[in-house]
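These notes are about the structure you will find just below.
The values are calculated or read from the model by the stated rules, or taken from the named source; none is laboratory data. Treat the numbers as computed from the prediction; the structure is a model and nothing was measured. In this analysis, Cβ positions are derived from the backbone assuming ideal geometry, glycine residues included, and neighbour counts consider all displayed protein chains. Accessible surface areas use protein heavy atoms only, side chains included; no ligands, DNA or RNA. Shrake-Rupley method; radii C 1.70, N 1.55, O 1.52, S 1.80 Å.
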Amino acid sequence: MKVYLLNPPYFPRFGREMRWQDTGRGGTLYYPIWLSYATGVLECNGHDVRLVDAPAWNWDVNNVLKDLKKFDPDMVVLETSFTSLNNDLNISATIKSEFNTPITIVGPPTSQFSEKMLNIVDIVARYEYDFTLAELVKNIEKKKGVQNVLGISFKKDNRIIHNPDRPLSTSKQLDELPFVSEVYRKHLNIYDYFLNYSLYPMVQIFTGRGCPYQCTFCSWPQTFMGRKYRVRSIKNILDEFEWIEGHLPEIKEVFLEDDTFTVNKRRVLEFCKEYIKRKLDITWSCNARVDTLDLETMEEMRKANCRFLIVGFESANNEILKNIKKGFNIEIAKDFVKNVKKAGLLLHADFIIGLPGENKRTVERTIKFIKEIKPEQLQVSVASPFPGTEFYEWAKEKGYLVTDDPNEYLDAQGHQKSIVSYPWLSSEEIVNRVDKILKEYYFSLKYIPVALKQITRRHSLEEAKRLFYSGKMFIKYIFRR
Ligand code: SF4
């Protein structure tokens, strides 16, 4: 069958697969990573697939319509996200009005809004969707009907049918997936994508899916990939690293996109040992948690060419960390930072303003903590409660939710707005504090040695280029505000 996988148009460089789904302030653009895995799975099953990344290619809906006419698919698969939901449903409606092709919608909001979506699209594939799509397309091709496909919702005789959820993928199934980096090479332009903490150009891959932690604000485990961490074998991951070194020599870094790559110390150490044994050279970075890594493991990671740790600190206030069920306290976070510096790794620290318990005093404490730990990269986000998360339910119940209209999550440039407002800290103050913290950090003279430290390492030219580009994009963002 001919299947057209679409990351639909919205703002240019909009990150539908980013955690906060907006237009990155520092020029960040994610690969359409989940759609790419699905592309690989469908191709392995013998289908003719076209993968289109409209935000990366700066395409509008007319470009998509022309392209659809040319490709003439049997099915369109369109990905959506919480902050682009209304836009994506409008695009689905436009496609429907021009073509008779069935549309399947995928992405995290499908687990929350399947009935609303079925007013426009034909099928909703809920939660993790690559294996669901494979079975769905096969059944349609063989004219078997869709009634037995797990994980989908659809309409029959004007009734909405929700088939039972598909069990989460297993570790064994993840090992059977094609290498997503092969899909990138075939369908996308790797120079389109940029992470402000990774050497450029880079690829993003998963070594595992799901996260076992309980953070109340985090939507992926609650609405999409589940709370069980399923992992690829070390052999399979390093085979992909070798493939990248051999077939994509221009790639400077692999980013491990797992929610938390460092959950299991033994697995991380085994990965590092095997990486060194295979004499690999390409650098890599990963998401980590402060309570899962000790100094010994960090040192092994450094020896195996790990560069950056991307870490969610979220807040410097123990009360807030407890409210969001983060699972660690600020004392543990401080020890972790000392070890990161001792091991010689770089730190990208994530904070969120506006979480339950936030007030002007807690914001000041977080700012003080940021100045103490001096991360090489700082990210501060607005706390966005997405439907399906405990944070959303809490904000709604307490009356702190300003709106639950997806159009209100982003401003006119595609950057985060706050849809929570507290009597003691308004939504405007939350957004203003985020910008102010970032400006004060990056435009301070104290950041100069932090930047210099990054460009006096291996790959100094690439590090300098990365910093220059993300700095330029950040300045543009600030001047547009
Ligand atoms: S550890 Fe990270 S990925 Fe996991 S639930 Fe918490 S914020 Fe989400």
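List of remarks:
- Charge tally around Pro406: other residues with Cβ under 14 Å, Lys/Arg +1 each, Asp/Glu -1 each, net -3.
- A probe of 1.4 angstrom, applied to the heavy atoms of all protein chains, finds Val382 with accessible area near 0 square angstrom.
- Per residue accessible area in Å² of the chain, where ligands, DNA and RNA are left out and the probe is 1.4 Å: 40 Å²
- Per-atom-type breakdown for segment 303-446 gives carbon and sulfur 51% of the accessible area (1.4 Å probe, protein chains only).
- Of Ile475, Ala412, Thr389, farthest towards positive along the dipole that unit charges on Lys, Arg, Asp, Glu beta carbons give segment 339-481: Ile475
- Most to least accessible of Asp165, Asp239 (protein chains only, probe 1.4 Å): Asp165, Asp239
- Normalised contact order of the chain, rounded percent, pairs of Cα under 8 Å and 6 or more residues apart: 14 percent
- Across the accessible surface of segment 83-219, with the other protein chains kept in place and a 1.4 Å probe, carbon and sulfur atoms take up 48 percent.
- Relative to the dominant Cα principal axis of the chain, helix 265-277 is inclined by about 90°.
- Only protein heavy atoms count here; on that basis, with a 1.4 Å probe, Phe113 has an accessible area of about 50 Å².
- Cα-Cα over 32 Å, subset of Lys374/Lys465; Lys144/Lys235; Lys325/Lys371: Lys144/Lys235
- Shape box of segment 195-347 [Cα atoms, principal axes, largest first, Å]: 48, 36, 29
- Here Tyr442 sits with roughly 50 square angstrom of accessible surface, probe radius 1.4 Å.
- Overall dimensions of segment 361-458 as given by Cα atoms, namely Rg and Dmax in Å: 16.4, 51
- Where Phe179, Phe261 fall by accessible area, highest first, once all protein chains stay in place (1.4 Å): Phe179, Phe261
- The mean of 1/r over all pairs of different alpha-carbon atoms in segment 193-237, once inverted, gives a Kirkwood hydrodynamic radius of 12.5 Å.
- Measuring between their Cα centroids, segment 296-322 and segment 195-263 lie 15 Å from each other.
- Model label sites at Asp74 and Ser233, defined 7 Å from Cα along the beta-carbon direction, differ in position by 3.3 nm.
- Debye intensity ratio I(q)/I(0), log10, the chain, q values 0.07 Å⁻¹ (C-alpha model): -0.35
- Evaluated at q = 0.20, 0.21, 0.22 Å⁻¹, a Debye calculation over the C-alpha positions of segment 104-157 (equal weights, vacuum) places log10 I(q)/I(0) at -0.64, -0.71, -0.77.
- For the chain, the 222 nm mean residue ellipticity estimated from helices alone, with every DSSP H stretch of n ≥ 4 adding -39500 (n - 2.57) and the total spread over all residues, rounds to -12500 deg cm²/dmol.
- The listed residues Met18, Met117 rank as Met18, Met117 when sorted by accessible area, largest first, using a 1.4 Å probe.
- Radius, Kirkwood style, for segment 127-277 when every pair of distinct Cα atoms is counted (Å): 17.7 Å
- Geometric extent, Cα atoms of segment 246-326 - Rg, Dmax (angstrom): 14.7, 49
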